[in-house]
Amino acid sequence: MSGNGSISQEGNGKVSRVIRMGTRKSQLARIQTDSVAGRLKELYPDIHLEIVAMSTIGDKILDTALSKIGEKSLFTKELENALERNEVDIVVHSLKDLPTSLPPGFTIGAILQRENPHDAVVLHPKNAGLTLDSLPEKSVIGTSSLRRAAQLKKRFPQLEFENIRGNLNTRLKKLDEKDDYAAIILAAAGLKRMGWDSRISQILGPEDCMYAVGQGALAVEVRAQDKDILEMVSVLCHPDTVLQCISERAFLKQLEGGCSVPVAVHTEVKGSMLYLTGAVYSLDGADCLKDTMQTVVEIDNKVSESAQECVHVGVTANCVSSSALEAAEKLGMDLANALLNKGAKDILTTARKLNDAR
């Protein structure tokens, strides 16, 4: 077992292990990590958990748009370095922060049940009771996401969209204390986890704004060779969420999309069917390619032993049959290929160039 002296002998002769959990320092990251820790404590009352908080590049560079920093693992690099150095054993992330290819030696050992994945409108207090449709013309909406801006510019051409950075607390403060923004767009999941449901004025459905790959889901990243830790966290897996997120990540990976291009998805599991809608946009939202595909995913709880080692877009999911995982991954790749055949590459290349030139 790796880890530096993290196994201790208890007085009663039981060997107990201290599991160190890495997290970003932001309040939301802490809440998310605490919620995972709480679940693990319920399932394994004997484990000792220690939480190690650290700052990441994305937390330090606050004056630049995320899409301009050009680093894929903005919020994850420092945490993964700590994982590699055995300083922590588990890292809790928002899944949407994790690139579709993880560094060698790491895997996502669990994806937890997804919170509401949609985006939410948070209005400046003076605009209480309004919606994006009823805000005055030329109202300025704050968002740090190219994906949100591209879709909303097309859907609400009367509004203006400007960049806003910072963690949730910072962005809400900027909204409330200044008159720069009429509203900001944030992930509903983060607001709900912070207990700020009351600030949500409007949830944007897929017809207004499809969400980011993995949005609303928490991921637990571990060292791939730590089999006992992998087994321990695998019970946190939520099968439907795992299948949705694997199809979304496979879609993004096949498109070679990242932070610097507007790619959006919407997935649903209905019975044994998995539906994936995916789209790519130009930066101004004028060009859009969008399609929906579905596949059968039988969720079989009798998971074969051989499935234990299958990794799909960075995810080791011991809770779902390998045939369902393969179907979900293939669905994402097939949908991406369908859009690429219709010219998605040109839209994405142009978006990337324009964004780099800004």
Legend entry - Linear extension gain, Lys178 paired with Leu354, 0.36 nm per residue minus alpha-carbon span: 60.4 nm
Legend entry - the range 119-203: relative contact order as a whole-number percent, Cα under 8 Å and 6+ apart: 48
Inset, instruction - Could you check the simple spin-label distance between Tyr275 and Lys41, using points 7 Å along Cα→Cβ, in nm with one decimal? - result: 4.0
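On the protein heavy atoms, probe 1.4 angstrom, tell me the percent of accessible surface of the chain carried by carbon and sulfur.
49
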Inset, instruction - With a point put 7 Å past each Cα toward its Cβ, work out how far Val296 is from Ser134 in nm, to one decimal. - result: 4.8
Inset, instruction - For n ≥ 4 DSSP H runs only, could you compute -39500 (n - 2.57) per run for the chain, divide by its residues and tell me the 222 nm figure to the nearest 500? - result: -10000 deg cm²/dmol
Legend entry - 5 Å-binned pair-distance histogram of the range 119-203 (Cα, whole percent): 3, 16, 29, 29, 17, 5, 0
Legend entry - Antiparallel DSSP beta bridges within the chain, as percent of all bridges there, nearest 5: 75
Inset, instruction - Please report, to one decimal in angstroms, the Kirkwood hydrodynamic radius of the chain built from all distinct Cα-Cα pairs. - result: 21.1
Legend entry - Alpha-carbon centroids, the range 79-125 and the range 233-300: separation in whole Å: 16
Inset, instruction - Using Cα centres only, tell me the gap between the range 16-50 and the range 322-352 in whole Å. - result: 35
Legend entry - Nearest-ten-degree value, helix 322-341 long axis tilted from longest Cα axis of the chain: 30
Legend entry - Pairwise label distance in nanometres, Gln225 with Ser323, each label 7 Å out on the Cα-Cβ vector: 3.5
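The values are calculated or read from the model by the stated rules, or taken from the named source; none is laboratory data. Since this is a predicted model, take the numbers as computed values, not measurements. In this analysis, Cβ positions are derived from the backbone assuming ideal geometry, glycine residues included, and neighbour counts consider all displayed protein chains. Calculation scope for accessible area: heavy atoms of the full protein, side chains included, ligands and nucleic acids excluded. Shrake-Rupley method; radii C 1.70, N 1.55, O 1.52, S 1.80 Å.
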